[in-house]
Amino acid sequence: MDIFIQQIINGLVLGSIYALVALGYTMVYGIMGLINFAHGEVVMIGAMVALTVIKLLANSGLPVFIIILLALAAAAVVCMAVGFSIERIAYRPLRHAPKLAPLITAIGVSIVLQNLSMLIWGRNYHAFPPILPTSAHDVFGATITTLQVAIVLIATLMMAGLIVLIHRTRLGRAMRATSENPSIAQLMGVNINQIISITFIIGSALAAVAGLMVSANYSIAHYYMGFMLGLKAFTAAVLGGIGNIAGAVLGGILLGLIESLGAGYIGDLTGGFLGSHYQDIFAFFVLIGVLIFRPSGLVGEKVSERA
Amino acid sequence: MTSMSSLNALRTDKRMVIAATVIMGIALAVLPFIIGSGLGNSWLRILNFALLYIMLALGLNIVVGFAGLLDLGYIAFYAVGAYLYALLASPHFGLHLPVWVIIPAGAALAGIFGALLGAPTLRLRGDYLAIVTLGFGEIVRIFLNNLNAPVNITNGPQGISGIDPIHLGGFTLAKPISLFGFTLPSLHAYYYLFLALALFIVFVTIRLENSRIGRAWVAIREDEIAAKSCGINTRNIKLLAFTMGASFGGVAGGLFAGFQGFVSPESFNLMESVMVLCMVVLGGMGNIPGVILGGILLTILPEIFRHGSGPVQVAIFGKILLDPEALRMLLFGLALIVVMLYRPAGLWPSTTRRREFRGDSTNDVLKEGE
């Protein structure tokens, strides 16, 4: 039983990270109807920048809290700049081109970011400096570390903040209007280009936070980490219903739970034939299942056939 | 390639066509000797890979270019063909079946996989289909990576080595072939085999494009509902696109395994799928000469970057500052972005698509009709 609870805890932690990244996908998709394939790489850049700052300051004697905050700020600034430039360079000129064109540029951007990061930080795995408190708490026989509590709390706060932003502010109203119908929104005086840029910037800031969380959670960062993460977060967004903010959160948490429970029990279920190294395929099976049986996602609205 | 364009331009004059074909044929026949003696065997290998990629790109072109179904997991079929060859002709299981059994079997098995992927995704289009196919490709790779326990089927991440070279009749292509006092080096022999199969696939694709099936694919790409209302069985035709495209990939995969002598899951990652897709899209979706051009360019350009970026850096900075491998992919990514920004229809689009991208298709059709 305690293994079950442990897997639930791990799943929640993983899921809240997925949810943060999934929000970036879903916001962009909601507004532009475009899958920002490069979003996973933005997360990776966030992780690398944060890690670099933390490494620099690890022995500076500053309090851990301040170091983390500085790292987060640096990562957020860099990611926002990257997200903003991605939209300006790779997506805006192709807004009216057929759908394949922005997809290819997105892939191009992914490749560029990955290799740029390889040039800057090298091919090696970077270990997270051991500055974080490692204290663990007992919950029903399972353990949860302070770090994991912090991840879940911060992710929840950020998601709540985003939902308030979208539903309670002027900016949020403009974003919803743009996503509903860009040309009408423009007629009503919404500066669509600005809104799209802001969407990318917000999504990238969330990605920076998620990047720091991933590297802290796994104590590792790598130039290639963005790809799988991005894919899974995208799955989470689809699972919840792409374009839907609450759906992305739900999808992220669910996917995290499915993955960690699946990895924990797949060995028993298949009589040892499949082991926990198949963890990565759950996301894909979930994705394929959702798209076949419920393409609009769990809470998404009905999407048209050409979606 | 160039023969295509000249063929198009000169279709009216039969003698010119024959002359152009003969010249092209001679050029293709002596090409390996020119490259082999001029640039060395490593470039000859690259040339052979270019032929394999052309086969792959033409196969994917059926799915993406003709039928308009975006497939990001295409390399899975290449993997199926390659692994089938590796399992049936290597010491791994102690099987050594002949090539003419394995290659068709690889095509068939890849075709079945294509149908397996196609069947559940019939309702999906565009980005969603892209993601599902991407997931499918990754699932295949993850299974290849992990099916070494408890029963060792794929030998896991180490891959399968010692694969039999392709042998035809009494000849094995791994060693120089002596025939009538004339010796053909191994790489050259592989080149001719790949060239023959690539030409065969080009021929099949051209015939398909102008057939009922080809027109049905294009109709589905343009408007699925309209195609359905015209009496096209969209389900079967889409499945056929997946199956055909996949079987080409299976053939190329088998040849790859025999040529390389070694397969591992790493050769079939997402990047490879993306690469093949880029060949199709950059070259000019749906246009066979464009796709061939894309296949050649995208095989050769990264190699030029790879071989060139080191020496150029040494020449400029006096030492290698930047990792050539990363630099190569960086330039490649930039090239993708730039080409898409300035030529969203690809480098060599088909005439209909070019018209579409200018956005005045109806006017043109009307004018031509008048």
*Points 7 angstrom from Cα along the Cβ direction at B:PHE182 and B:LEU95: gap in nanometres?*
3.7 nm
*Looking only at GluC sites (Glu not before Pro) in DSSP loops with at most 16 other Cβ atoms within 10 Å, what is the longest site-free stretch of chain A?*
A:1-300
*When the gyration tensor of the range B:5-133 is built from Cα positions, what are the square roots of 5 times its three eigenvalues, in whole Å, from largest to smallest?*
32, 26, 14
*Gaussian network model of chain B, Cα springs within a sub-10 Å range: biggest mean-square fluctuation belongs to which of B:LEU298, B:LEU199, B:LEU51?*
B:LEU199
*Taking amide hydrogens as modeled 1.01 Å from N in the peptide plane, which residues meet the under 5 Å criterion relative to B:LEU168, leaving out close sequence neighbours?*
B:LEU173
_Average projected area [Cα convex hull, the protein assembly as shown], square nanometres_ = 35.0 nm²
*Please identify every one of the trypsin sites (Lys or Arg not before Pro) in the range B:249-350 that sits in a loop by DSSP and has no more than 13 other beta carbons within 10 Å of its own beta carbon.*
B:LYS319
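May I ask you to compute the full-extension gain from A:ASN124 to A:HIS277, defined as 0.36 nm times their residue separation minus their alpha-carbon distance, rounded to one decimal in nm?
Working: separation 153, 0.36 × 153 = 55.08 nm, distance 2.17 nm.
Using 0.36 nm per residue and subtracting the Cα-Cα distance, I get 52.9 nm.
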*Sort the following peptides by mean Cβ neighbour count (other Cβ atoms within 10 Å, averaged over residues), highest first: A:188-196, A:242-250, A:18-26, A:89-97.*
A:18-26, A:242-250, A:89-97, A:188-196
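Note down the relative contact order for chain A as a percent, whole number, built from C-alpha pairs under 8 angstrom at least six residues apart. Can you show the working numbers first?
Details: 499 pairs, mean separation 108.3, N = 307.
Value for chain A: 35 percent.
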*Projected label distance in nm at A:ARG95 and A:LEU298, using a 7 Å step from Cα toward the beta-carbon*: 3.3 nm
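Would you list A:PHE234, A:PHE227, B:PHE113 from fewest to most Cβ contacts within 10 Å? Before the final figure, lay out each step's value.
Working: A:PHE234 31, A:PHE227 20, B:PHE113 23.
Going from least to most buried by this count: A:PHE227, B:PHE113, A:PHE234.
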*List every residue whose amide H lies under 5 Å from the amide H of A:THR145, counting only residues 5 or more places away in sequence or on a different chain, with H placed 1.01 Å from N in the peptide plane.*
A:HIS137
_Karplus 3J(HN,Hα) series, Hz, for the range A:46-56 with 6.51 cos²θ - 1.76 cosθ + 1.60 (x for Gly, Pro)_ = x, 4, 5, 5, 4, 5, 4, 4, 4, 4, 4
_B:ILE153 long-range amide H proximity, modeled H, under 5 Å_ = B:ASN148
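Among B:ILE34, B:ILE220, what is the fewest-to-most ranking by other Cβ atoms within 10 Å?
Result, fewest neighbours first: B:ILE34, B:ILE220.
Would you mind calculating the relative contact order of the range A:195-304 from Cα pairs under 8 angstrom and at least 6 residues apart, reporting the percent as a whole number?
On the way: 100 pairs, mean separation 28.5, N = 110.
Once divided by the residue count of the range A:195-304, the mean separation gives 26 percent.
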_With θ taken as phi - 60° and the coefficients 6.51, -1.76 and 1.60, list the Karplus ³J(HN,Hα) couplings across the range B:305-318 in order, rounded to whole Hz; mark glycine and proline as x._
4, 5, 6, x, 5, x, x, 4, 5, 4, 5, 7, 9, x
*Approximate spin-label separation A:SER183-B:ALA119, in nm, with each point projected 7 Å along Cα-to-Cβ*: 4.3 nm
_Loop-located chymotrypsin sites (Phe, Trp or Tyr not before Pro) in the range A:102-140, at most 14 other Cβ atoms within 10 Å (DSSP)_ = A:TYR125, A:PHE140
_the range B:241-261 residues near the modelled B:ASN41 label - backbone nitrogen below 17 Å, point 7 Å along Cα→Cβ_ = B:259-261
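Per the helix-only calculation at 222 nm, which mean residue ellipticity applies to chain B, given -39500 (n - 2.57) for every DSSP H run of n ≥ 4 and division by its residues, nearest 500 deg cm²/dmol?
Calculated mean residue ellipticity at 222 nm is -23500 deg cm²/dmol.
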_At a 10 Å Cβ-Cβ cut-off, how would you order B:SER37, A:SER117, B:SER186, fewest neighbours first?_
B:SER37, B:SER186, A:SER117
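What is the calculated FRET efficiency for B:ILE112 to B:ALA27, with r their C-beta to C-beta distance and R₀ = 45 Å, to the nearest 0.05? Present the calculation step by step, with values, prior to reporting the outcome.
Details: r = 38 Å, r/R0 = 0.84.
E between B:ILE112 and B:ALA27, to the nearest 0.05, is 0.75.
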_Averaged over B:109-116, number of beta-carbon atoms from partner chains that fall within 10 Å_ = 0
*Modelled label reach - B:VAL151, point 7 Å along Cα→Cβ, the range B:91-116 residues with backbone N closer than 18 Å*: B:92-95
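Shielding by partners for B:139-151, please: the mean number of other protein chain Cβ atoms within 10 Å of each residue's Cβ. Can you show the working numbers first?
Working: counts 7, 1, 2, 6, 3, 0, 3, 6, 2, 0, 5, 5, 1.
That average works out to 3.
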*For chain A, what is the calculated [θ] at 222 nm in deg cm²/dmol (nearest 500), taking -39500 (n - 2.57) for each run of four or more DSSP H residues and dividing by its residue count?*
-24500 deg cm²/dmol
*Using only atoms on other chains, find how many Cβ atoms lie within 10 Å of each Cβ of peptide B:326-339 and report the average.*
6
*Of the chymotrypsin sites (Phe, Trp or Tyr not before Pro) in the range B:54-97, which ones lie in a loop per DSSP and count no more than 14 other C-beta atoms within 10 Å?*
B:PHE93
*asked:* One quarter of the convex hull surface, Cα atoms only: what value does that give for the range B:48-286 in nm²?
replied: 13.2 nm²
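The numbers here are math on the coordinates, done by the rules we state, and not lab data. On a predicted model such as this, the values are computed, not experimentally measured, just so you know. Positions of Cβ are generated from backbone atoms using ideal geometry, with glycine treated the same way; all protein chains shown enter the neighbour counts.
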